[in-house]
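Structure record follows, encoded as C-alpha cells.
The values are calculated or read from the model by the stated rules, or taken from the named source; none is laboratory data. Being a predicted model, the structure only gives us computed values, none of them experimental. Using ideal geometry, Cβ is built from the backbone for each residue, glycine included, and neighbour counts are taken over all protein chains shown.
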Amino acid sequence: MTRLLHIDSSVRDQGSHSRDVAAIFRHAFDDALPTAHVTYRDLATAPPPHLIDAVAASMISSAERSSDQRRALKIQDELIEEFLAADAYLVSMPMYNYSVPSTIKAWIDHLMVPDRIMTPDGVASPIQDRPITVVASFGGGYGPGTPKEDWDFLRPYLNKIFVDTMEMNLTIIDVELTNSTYVPNLAHLLPLHEQSRAAAVLQATDQAEAVAKALDRSVDPTTESAAVSY
C-alpha cells in the first residue's frame, strides 16, 4: 500500500496559509490516488518533546532509565518508524522568527538518529529519492533579490536536512507576504500576496498529481520497493 505522511505545524488551526495550501495538495493527491493510506500528524496540537530525555536515555542502560526517558525513546521510535514507512511526505509550516517552527525542529531532531535515518558518508539513505513536499508560508518576502533574502534560514535548513543529509527529493511551495492579509500598513502588498498564493495553489495541485502518478503502483504491479524515485 502506498503511504503519505502529512505533517502540519502552524499554531493557527484556522486562517493558516500553510495549512490551507497543504489541504489543497491533499485534496488533489487523494483524488489522484484514492487507494493511498495517509498518516496525519499535527505538531501544534501534539508537539514532540525536545531531545533532553531521549538523549539522556541513550547514554545509560535500560535498567537505569526513568519513566520519562523510556517514554521519550518510545515516542522517538514511533516517529522514526512512521517516517520510514512512508513513500512520500507533505509538510506544512510557517516561518517563525526567520526559521522553522520549534515543533518542526523537535520532530526533525528525533528523526536524525545515526544508523536509522542518518547514514555514514558513502552509505545511501534509507529514504533516498523519496519525494517530500513542504508548503512554507512567509509573512514577508524573502525570495532572491529581496532586501531580506539573507534573513531566510528556513529554506537553507530544509535543503540541508532533507536533501544533503537524507538525500530526499525536496519541493518547497512558497506562500509569501501573508502579513498583508491582516496588517493594515502592509495592505498595499496584498495583490502580490494574492499572486503568490495563486501560484502556490497551482503548484500544490500539480505537485500532488505528479507525486501520486509517480507512486501509483497500479502502473507497474511488480513494484515492491517503498522507496519511489521521483
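Within the range 128-185, how many residues turn out to be among the hydroxyl-bearing types (Ser, Thr, Tyr) and in contact with a Gly (Cβ under 6 Å, 6 or more places away or on another chain)?
Result for the range 128-185: 1.
Which of the residues belonging to the range 1-20 are under 13 Å from the mean Cα position of the chain (by Cα) and in a helix (DSSP H, G or I)?
Once the filter is applied, which keeps residues that are under 13 Å from the mean Cα position of the chain (by Cα) and in a helix (DSSP H, G or I), the range 1-20 yields Ser18, Arg19.
Restricting the search to the range 67-107, which residues are touching a helix residue (DSSP H, G or I) at 6+ places or on another chain (Cβ under 6 Å), closer than 30 Å to Asp150 by Cβ and among the aromatic types (Phe, Trp, Tyr)?
The one that is touching a helix residue (DSSP H, G or I) at 6+ places or on another chain (Cβ under 6 Å), closer than 30 Å to Asp150 by Cβ and among the aromatic types (Phe, Trp, Tyr): Tyr98.
If Pro144 meets every condition in (1) within 15 Å of the chain's Cα centre (by Cα); (2) surrounded by fewer than 23 Cβ atoms within 10 Å (Cβ to Cβ) apart from one, which number is that one?
It is condition (1) that Pro144 fails.
When both residues are 6+ apart or on different chains and their Cβ atoms are under 7 Å apart, which pairs have a first residue that lies in the range 174-187 and is modelled with pLDDT of 95 or more, and a second that is of a type in the set (Val, Ile, Thr) and not in a strand (DSSP E or B)?
If the second residue must be of a type in the set (Val, Ile, Thr) and not in a strand (DSSP E or B), the pairs left are Val175/Val21.
Mind counting the residues in the range 121-141 that are assigned to a loop (DSSP other than H, G, I, E, B) and surrounded by 13 or more Cβ atoms within 10 Å (Cβ to Cβ)?
Qualifying residue count, the range 121-141: 10.
Tell me yes or no: at least one residue of the range 54-71 is of a type outside the set (Phe, Trp, Tyr) and in contact (Cβ under 8 Å) with a residue 40 or more places away in the chain.
Within the range 54-71, one or more residues are of a type outside the set (Phe, Trp, Tyr) and in contact (Cβ under 8 Å) with a residue 40 or more places away in the chain.
Answer yes if at least one residue in the range 93-111 is farther than 30 Å from Asn185 by Cα, small (Gly, Ala, Ser) and in contact (Cβ under 8 Å) with a residue 24 or more places away in the chain, and no otherwise.
So far as the range 93-111 goes, yes, one or more of its residues are farther than 30 Å from Asn185 by Cα, small (Gly, Ala, Ser) and in contact (Cβ under 8 Å) with a residue 24 or more places away in the chain.
Could you grab me the full set of residues in the range 24-40 that are surrounded by fewer than 17 Cβ atoms within 10 Å (Cβ to Cβ) and either hydrophobic (A, V, I, L, M, F, W, C) or assigned to a loop (DSSP other than H, G, I, E, B) (or both)?
Result: Pro34, Thr35, Val38.
Select, from Arg19, Arg12, Arg26, Arg65, the only residue that is modelled with pLDDT of 90 or more and more than 17 Å from Thr205 (Cα to Cα).
On inspection, the qualifying residue turns out to be Arg12.
Are any of the residues in the range 148-161 part of a helix (DSSP H, G or I), surrounded by 14 or more Cβ atoms within 10 Å (Cβ to Cβ), touching a residue at least 12 places away in the same chain (Cβ under 8 Å) and of a type in the set (Val, Ile, Thr)?
Yes, some residue in the range 148-161 is part of a helix (DSSP H, G or I), surrounded by 14 or more Cβ atoms within 10 Å (Cβ to Cβ), touching a residue at least 12 places away in the same chain (Cβ under 8 Å) and of a type in the set (Val, Ile, Thr).
How many of the residues making up the range 22-54 are among the β-branched types (Val, Ile, Thr) and more than 23 Å from Ala106 (Cβ to Cβ)?
Final tally of qualifying residues: 2.
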